[in-house]
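Asks: Let me begin by handing over the structure; questions about it come next.
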Amino acid sequence: MIEADYLCETRTSYEAVAGDYAAWARGELEAKPLEAGLLAGFAGLVRASGGGDVADVGCGTGRVTAHLHGLGLSVFGVDLSPGMVAAARREHPGLRFEEGAMGALDLPDGGLAGLVAWYSTIHVPDGELPGVFAEFHRVLAPGGHVVLAFQVGDEPPLHLTEALGHDVSLVFRRRRPDHVAELLGRAGLDVRARLLRERDEDGQFPERTPQAFLIARKAA
């Protein structure tokens, strides 16, 4: 089977920026206390549901993986890009990182207490998103939680051809929280919390759009 074009383009693009991405993203969560608080709440939900392994899917250089580890979770990272995985291992040598695609995770059914998709579903085409959410449902244990972060909007996808001084071909898809919540529900993941915040216009990490965060749960 020929791999979907978007997977090839996304992998190749992140391979190009992997060497610089870790330095650029370092300190991001410290600069965004609202997001750090949301991740702390997610960690609390995982522990309250009995704990277990958590996968950070589309982990990049592992900044969220490491943050959740610091909150006491048994967490590992998965990323499409070998270069990003290598960078994550250099940045956080005590943690586990592996290659993989979120639509076909090399994980057993019902093996995860939690799953994080932190700005990683933004590259998935609309038609592929239901299948990705079905895969999240498959790998989560009953009562397991998933947290998503993504950009909000109705605009056509944003296609970047340059990032961090490198040539890339990255497509960013903005979505409405209600639509994403509906797709999660169809996959058997009931949304339990929603947070929408306005964009940060200045600072180290300025944004183009509002940001959304959803926490959903697989039925026990």
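Asks: Tell me yes or no: at least one residue of region 20-43 is crowded, with 18+ Cβ neighbours inside 10 Å, within 22 Å of residue 138 (Cβ to Cβ) and within 15 Å of the chain's Cα centre (by Cα).
Replies: The answer is yes; a qualifying residue exists.
Asks: If we only count strands (runs of 3 or more DSSP E) wholly inside region 159-220, which ones have 1 or more residues that are under 27 Å from residue 46 (Cβ atoms) and in contact with a helix residue (DSSP H, G or I) (Cβ under 7 Å, 6 or more places away or on another chain)?
Replies: Of the strands (runs of 3 or more DSSP E) lying wholly inside region 159-220, those with at least 1 residues that are under 27 Å from residue 46 (Cβ atoms) and in contact with a helix residue (DSSP H, G or I) (Cβ under 7 Å, 6 or more places away or on another chain) span 189-197, 211-218.
Asks: Moving on. How many residues are surrounded by fewer than 18 Cβ atoms within 10 Å (Cβ to Cβ), of a type in the set (A, V, I, L, M) and touching a strand residue (DSSP E or B) at 6+ places or on another chain (Cβ under 6 Å) if we restrict to region 74-95?
Replies: Going through region 74-95 one residue at a time, the tally reaches 0.
Asks: Name the pairs: first residue in region 171-192 and more than 26 Å from residue 10 (Cα to Cα), second residue basic (Lys, Arg) and surrounded by fewer than 17 Cβ atoms within 10 Å (Cβ to Cβ), Cβ to Cβ under 6 Å, at least 6 apart or on different chains?
Replies: Partner pairs satisfying both residue conditions: none exist.
Asks: Do we find a residue being among the aliphatic types (A, V, I, L, M), assigned to a helix (DSSP H, G or I) and either buried (at least 20 other Cβ atoms within 10 Å of the Cβ) or modelled with pLDDT of 95 or more (or both) anywhere in region 135-150?
Replies: yes
The values are calculated or read from the model by the stated rules, or taken from the named source; none is laboratory data. Keep in mind the model is a prediction, meaning the values are calculated, not measured. We place every Cβ from the backbone using ideal geometry, glycine too, and count neighbours over all the protein chains shown.
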